[in-house]
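*Asks:* Below you will find the structure I want to go over with you.
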Amino acid sequence: MTPATRQKVLGLYRKIFQIAKKWQSASGEIEETMKEKEYIKNEAKTLFRRNKNVTDPKVIKQCIEECEARIEIGLHYNIPYPRPIHLPPMGLAHKQSRMLRHQEKLRKISKPIYLKSHDEVS
């Protein structure tokens, strides 16, 4: 990891904790706000620790892009949780057909960048 990349990653980590410190839930309830603050902190710790040994520059770049996207979406919609994508679970394909494999491949390709790590953590 280059020093510039390291600084960018550490800056994102600090930014997430600053956001968590100032976070207010959309409902305005204290309990909800505390839950969301804890979720933000725990999610950041989990993802950053899981990816701390990544050395491939392409993967590091993807992780940085995902982090930035999740920050922007969270601030824009005022929800800390990743926004789900709405795809039918089994669409139109039968359980053992070629079409099913094709649909699964398309779903994987079309998954937004901000949800790449969400399935791995949950």
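The values are calculated or read from the model by the stated rules, or taken from the named source; none is laboratory data. Only a predicted model underlies this, so the values are computations on that prediction, with no experimental measurement involved. Because the Cβ atoms are built from the backbone with ideal geometry, glycine has one as well, and the counts that use them run over all protein chains shown. Note: accessible area is taken over every heavy atom of the protein model, side chains too, but ligands, DNA and RNA are not part of it. Shrake-Rupley method; radii C 1.70, N 1.55, O 1.52, S 1.80 Å.
*Asks:* Using r as the Cβ-Cβ distance of Glu72 and Arg101, and R0 as 30 Å, what FRET efficiency do you calculate, to the nearest 0.05?
*Replies:* E(calc), rounded to 0.05, equals 0.35.
*Asks:* Same structure, new question: Excluding ligands, DNA and RNA, what is the solvent-accessible area per residue of region 3-84 at a probe of 1.4 Å, expressed in Å²?
*Replies:* 70
*Asks:* Just subtract the alpha-carbon distance of Val54 and Asn42 from 0.36 nm times their residue separation and send over the number in nm, one decimal. Write out the running numbers ahead of the final one.
*Replies:* Numbers: separation 12, 0.36 × 12 = 4.32 nm, distance 1.96 nm.
Fully extending the segment from Val54 to Asn42 adds 2.4 nm.
*Asks:* Same structure again: First compute the accessible area of region 3-84 with a 1.4 Å probe, then give the percent of it belonging to carbon and sulfur atoms.
*Replies:* In region 3-84, the share of accessible area belonging to carbon and sulfur is 55 percent.
*Asks:* Averaged across orientations, what area in nm² does the convex hull of the alpha carbons in region 3-84 project?
*Replies:* For region 3-84, the mean projected area of the Cα convex hull comes to 5.5 nm².
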